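Since the structure comes first, as structure tokens, the remarks are kept for the end.
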Amino acid sequence: MAFQEFNDTGYWGKPTATIDWCEKNYEVNYYVAEMWNTISNLMMIIPPLWGIWDMKKQKFAQRFFFCYSFILVVGFGSLAFHMTLLYEMQLFDELPMVWGTCYCVYCLSIVKHDMRSKIIPNKLLLLTLIIISIGFAIIYLAWPQPLLQHFCYGILVAISLAQEIKLILEFKCAVCKRMFMVAIALYLFGFFLWNIDNILCKNITILREQIPIFIQPFTQMHAWWHIFAGYGVYIQVLFCIHSTYDYHKKYKHSSVLLPEHMYFSIRWQKTTKRGDCCSSAVNDLGQSTFHLSSALL
């Protein structure tokens, strides 16, 4: 018997968040309000932990540590939010989403900056983004309307995507282009499922009650949003790393930085000639994308 059939609330009490998603509250466990929306956040916790370890091992610039850290904070915040449905935990999820995207915009703006320099680059933009982050937090705390958060976050995501397209057109990098296409495809598909969950919640709930219990978790569209969007954002950090190091060509011309392990890692690989890097990169990435597509189907 599902918990919700004999109790209206669970361990965390009555929800105080301004949003309650389509998944039934405390249906699976007394201590977790939305089980599947909670555990799906592991996609925003495990990969960035791996990314932090990997970037430290490869001695990438410290700025990328903060990129992964923001994903990690959002992952833990979203996990806490869906586990409790408390307003405080909702802020733990939604505020870092805006702050982390602001930092992403900043990192994409300083791709060409010399990483060996101790001077803080693009100070005006950095100050502007800090003011936006603080201003948003103050306004959102005073006027906790979810649409405000969705709007601000969406605008920042659109700006970051425009920056990435600009870098692709300027650098003419086949690796960057392929990584961007995979990341945006994953993210937009997750966003599509997020909208399906919001718009067709009643229909999905009716369908869920008519199918076997072991299939029901796969109909949690918001949980799939966490998985696909988290994966897409993670690859965007790899995009930022690759575009930065490819521009500066810090390593030998015989090496090229390529994603591996279904876009969970990025490694320097040897090539015979610099001119062959793009063609070999495209071939390698084509195989990686094929394996990734096969895994998603």
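Details
- A 1.4 Å probe run over the chain, with the rest of the protein chains in place, finds 51 Å² accessible per residue.
- Using a Förster distance of 30 Å, the FRET efficiency for E209-I46 (Cβ separation, nearest 0.05): 0.40
- Candidates M179, M262, M97: whichever shows maximal mean-square fluctuation once the chain is modelled as a Gaussian network with Cα springs under 10 Å: M262
- Relative to the dominant Cα principal axis of the chain, helix 63-84 is inclined by about 10°.
- Within the straight-line cut-off of under 26 Å between alpha carbons, the lysines reachable from K270 are K56, K57, K59, K112, K172, K177, K249, K250, K252, sequence neighbours fewer than 8 places apart in one chain being disregarded.
- From helices alone, the chain scores -22000 deg cm²/dmol at 222 nm; the rule is -39500 (n - 2.57) for each run of n ≥ 4 DSSP H residues, then divide by the residue total.
- For segment 98-137 versus segment 41-97, the inter-centroid distance based on Cα atoms is 18 Å.
- Signed unit charges on C-beta, dipole axis of segment 186-273, positive-most listed residue I206, Y245, Y187: Y245
- Förster-model FRET efficiency, 22 Å R0, K249 and K56, C-beta, rounded to 0.05: 0.50
- Helix 221-248 vs. the chain, principal-axis angle (Cα, 0 to 90°, nearest 10): 10 degrees
The values are calculated or read from the model by the stated rules, or taken from the named source; none is laboratory data. Fair warning: this is a prediction, and the values are worked out from it, not measured in the lab. A quick note on method: Cβ atoms are made from the backbone with ideal geometry, for glycine too, and the neighbour counts reach across all protein chains shown. These accessible areas exclude ligands, DNA and RNA; they are computed on the full protein's heavy atoms, side chains included. Shrake-Rupley method; radii C 1.70, N 1.55, O 1.52, S 1.80 Å.
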